[in-house]
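What follows is one structure encoded as structure tokens, with my remarks underneath.
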Amino acid sequence: MRKMQLLSFNAIVLGSLLLGAQARAEVSHVSIAVDGLGCPFCVYGIEKQLKHIDGVKKVDIELKTGLALVTLENGVSPNISTFQNAVKKAGFTPREVQITAVGKVQAKNDEMHFSLRGSDEKYLLFDKDSANADLPPELKGQLLKLAESQSLVAVTGTPHSHAQGQNGLSVEKLSPLASVALSVNGMACEMCVARLTQLLEEQKDVYQARVSLADKRAVIEAIDATLNADELIKTISDAGFSASIEP
Amino acid sequence: MKTPFKELFPSAVILFFSVIAANAGSITTNTALPVNEGEFIFRGQMKYISSTDDPSPADRELTVWSAPSVLVYGLTEKFTLFGIAPFLDKSLNVNTPLGRRTRGDSGLGDIRVFGRYTLGQWDKPGETLRVGSFAGLELPTGADDVVDSLGRFPQHLQLGSGSWDPFIGAVLTWQTLQWEFDSSVAYKLNTEANGFEIGDVANLDLSYQYRLWPSELGDAVPGYVYGVFESNLIWQDKHEVLGARDPNSGGTTWYLTPGIQYVTKRYIIEGAVQLPVIQDLNGSALKNDYIVTAGFRFNF
């Protein structure tokens, strides 16, 4: 039986801080399986504890499955034990924790590695059912294609410490990252950037919006969803700016 | 001093002093379900207690409106604090040598404060089994010296006992996504005040709640409708008046209690009726007809 140890992200946070404010590991979601949850009235306590954690944008809980899905603010490096402790403080028992992280796949010596965007941290990718890094052919094929194309991808899996001391991430799901790049006119200052970023990230399925005043540009990303460029342009227009799809 | 008529303390009246749950689960019993650290729950109830089955010539009719307000606080995930403040309106119609009279009063009753600790917790996906213990004190905050034209009210008609009364108990809860079972035992040691000592009280409460709707769970957190069925067994010792035991007090009462609840993430609304199926009371103690309870709770 595979011995799994949940990874503490303290090393990632420390490494990120040492490298500077730009190098922040990009984890979009944390999902925690919660045991002991049986009725709606008890859900509130878990929600309240998780929302108190810095960097948490949203918490959704499914009573039927006992899953607490936490959406993080952009660039947040989560500490897994913080989420587990929050569930305990609510009076319940945390079980498996999974993260969804954005980055790129790299092939190295017949192993597949995953580098988080915004960080130097790498994870050795595992199949979720195997005790070692031998990946099933289908999964390996998908990862090799991603490594060749160097496309950004969101990997959902359980972090753990590998026997050799490496950080491991079992692959539960691979989600393509869709993006739309728009030219934006009318922004005058950083407040416009902040307002537009918030507005775009509130739109359905939008994972992240990177808005640049200097480049007069907005790149909007979605995980495992399709973006409608026309709707995004309308959103920007309603905010008082103008936008068009980049050639 | 012997009164010309007997106004005996109906066993049922003690129910609104019962320890009541606030954090989901049962309506008339306690529960071992957790309260999140730092979370508050407020519970309001309205109870109507009717006791008119009087075997004595006094033909007593006692009605009590009780509105207990409960504030709960999760000090830690295992230790929860409770405070119960009851507002009471008591009215007794009774035959006296001066004719039929109505006596009564309204106001704050005796406040209860207690703590509950989770002793054991066994969690599985969608299921939990927990045991806990609780202990506390009933404070003499209710008026215990009310008088009218007929003199001082008998002790049991006063809003408060005048005494400091400790209590202790244990709870067990087994909850799944479909149903919940709660069991609670408690013992209250009533002490003496104003020459009167109310008999000690022991409670054994059971509760079963079954999710009637939705029949299948979907995504997110739906509201539940629970059908509730509870059992309340109460034993009370005889009162003591100036050191002498009152033969017309105390006894055992068993209630069966059907109810219904609507439970959401932030609030609960509920109602129940307690029907006495057995009232084995001593002497000519006044028997209870029924108790109707309606209430709500919300967390914050």
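The values are calculated or read from the model by the stated rules, or taken from the named source; none is laboratory data. Predicted model only: the values in this text are computed from it and were never measured. Neighbour counts are summed over all protein chains in view; Cβ atoms, including those assigned to glycine, are modelled from backbone coordinates with ideal geometry. Quick note on the areas: whole protein, heavy atoms, side chains included, nothing else; ligands and nucleic acids left out. Shrake-Rupley method; radii C 1.70, N 1.55, O 1.52, S 1.80 Å.
Couple of notes before you dig in:
- Residue check, residue B:59 more than 14 Å from chain A (Cβ to nearest Cβ), touching an Asp or Glu at 6+ places or on another chain (Cβ under 8 Å) and at pLDDT below 90: no
- Entirely in the stretch A:37-150, the helices (runs of 4 or more DSSP H) that have 3 or more residues that are free of Cβ contacts under 8 Å to residues at least 60 places away in the same chain and under 22 Å from residue A:175 (Cα atoms): A:137-149
- Considering residues of the stretch A:207-247 that are touching a helix residue (DSSP H, G or I) at 6+ places or on another chain (Cβ under 7 Å) and either under 21 Å from residue A:104 (Cβ atoms) or part of a loop (DSSP other than H, G, I, E, B) (or both) only, the residue most open to solvent (accessible area, probe 1.4 Å): A:213
- Here residue B:122 passes the criteria (1) under 30 Å from residue B:246 (Cα atoms); (2) without any contact (Cβ under 8 Å) to a residue 40 or more places away in the chain except the one numbered (1).
- Taken together, the residues in the stretch A:86-119 that are open to solvent by 30 Å² or more (accessible area, probe 1.4 Å), touching a strand residue (DSSP E or B) at 6+ places or on another chain (Cβ under 8 Å) and among the polar types (S, T, N, Q) amount to 2.
- Criterion: of a type in the set (D, E, K, R) and either within 12 Å of residue A:31 (Cβ to Cβ) or open to solvent by less than 50 Å² (accessible area, probe 1.4 Å) (or both) - qualifying residue of A:62, A:73: A:62
- Matching residues, the stretch B:283-300, being under 17 Å from the mean Cα position of the chain (by Cα) and either open to solvent by less than 10 Å² (accessible area, probe 1.4 Å) or within 14 Å of chain A (Cβ to nearest Cβ) (or both): B:288, B:291, B:293, B:295, B:296, B:297
- If only residues of the stretch A:27-55 that are polar (S, T, N, Q) and open to solvent by 10 Å² or more (accessible area, probe 1.4 Å) are counted, the one that is farthest from the other protein chains (Cβ to nearest Cβ) is A:31.
- Residues of the stretch B:42-64 that are closer than 24 Å to residue B:273 by Cβ and either free of Cβ contacts under 8 Å to residues at least 40 places away in the same chain or hydroxyl-bearing (Ser, Thr, Tyr) (or both): B:48, B:50, B:51, B:52, B:61, B:63.
- Subset tally (residues that are among the β-branched types (Val, Ile, Thr) and within 13 Å of chain B (Cβ to nearest Cβ)) for the stretch A:56-93: 5
- Scanning the stretch B:60-103 for residues that are assigned to a loop (DSSP other than H, G, I, E, B) and under 14 Å from residue B:289 (Cα atoms) yields a single hit, B:60.
- Residue match in the stretch B:183-203 (condition: within 14 Å of chain A (Cβ to nearest Cβ) and not aromatic (Phe, Trp, Tyr)): no
- Out of B:137, B:119, sole residue that is within 25 Å of residue B:233 (Cα to Cα) and within 14 Å of chain A (Cβ to nearest Cβ): B:119
- Some residue of the stretch B:64-79 being exposed (fewer than 15 other Cβ atoms within 10 Å of the Cβ), within 20 Å of residue B:143 (Cα to Cα), among the β-branched types (Val, Ile, Thr) and away from chain A (no Cβ under 14 Å): no
- Odd one out for residue A:60, checked against (1) modelled with pLDDT under 90; (2) more than 20 Å from residue B:34 (Cβ to Cβ): (1)
- Annotation for the stretch B:210-225: no member residue is more than 14 Å from chain A (Cβ to nearest Cβ) and farther than 21 Å from residue B:158 by Cβ.
- Scan of the stretch B:176-215 for residues that are open to solvent by 40 Å² or more (accessible area, probe 1.4 Å) and among the small types (Gly, Ala, Ser), ordered by number: B:215
- Within the stretch B:283-295, no residue satisfies the criterion of being within 28 Å of residue B:70 (Cβ to Cβ), among the small types (Gly, Ala, Ser) and outside any strand (DSSP E or B).
- Hits in the stretch B:9-42 (condition: open to solvent by less than 10 Å² (accessible area, probe 1.4 Å), modelled with pLDDT of 90 or more and hydrophobic (A, V, I, L, M, F, W, C)): B:27, B:32, B:33, B:35, B:41
- Scanning the stretch A:174-206 for residues that are part of a strand (DSSP E or B), open to solvent by 20 Å² or more (accessible area, probe 1.4 Å) and over 18 Å from residue A:244 (Cα atoms) yields a count of 3.
- The listed residue being within 30 Å of residue B:32 (Cβ to Cβ), more than 14 Å from chain A (Cβ to nearest Cβ) and of a type in the set (Gly, Ala, Ser), out of B:143, B:85: B:85
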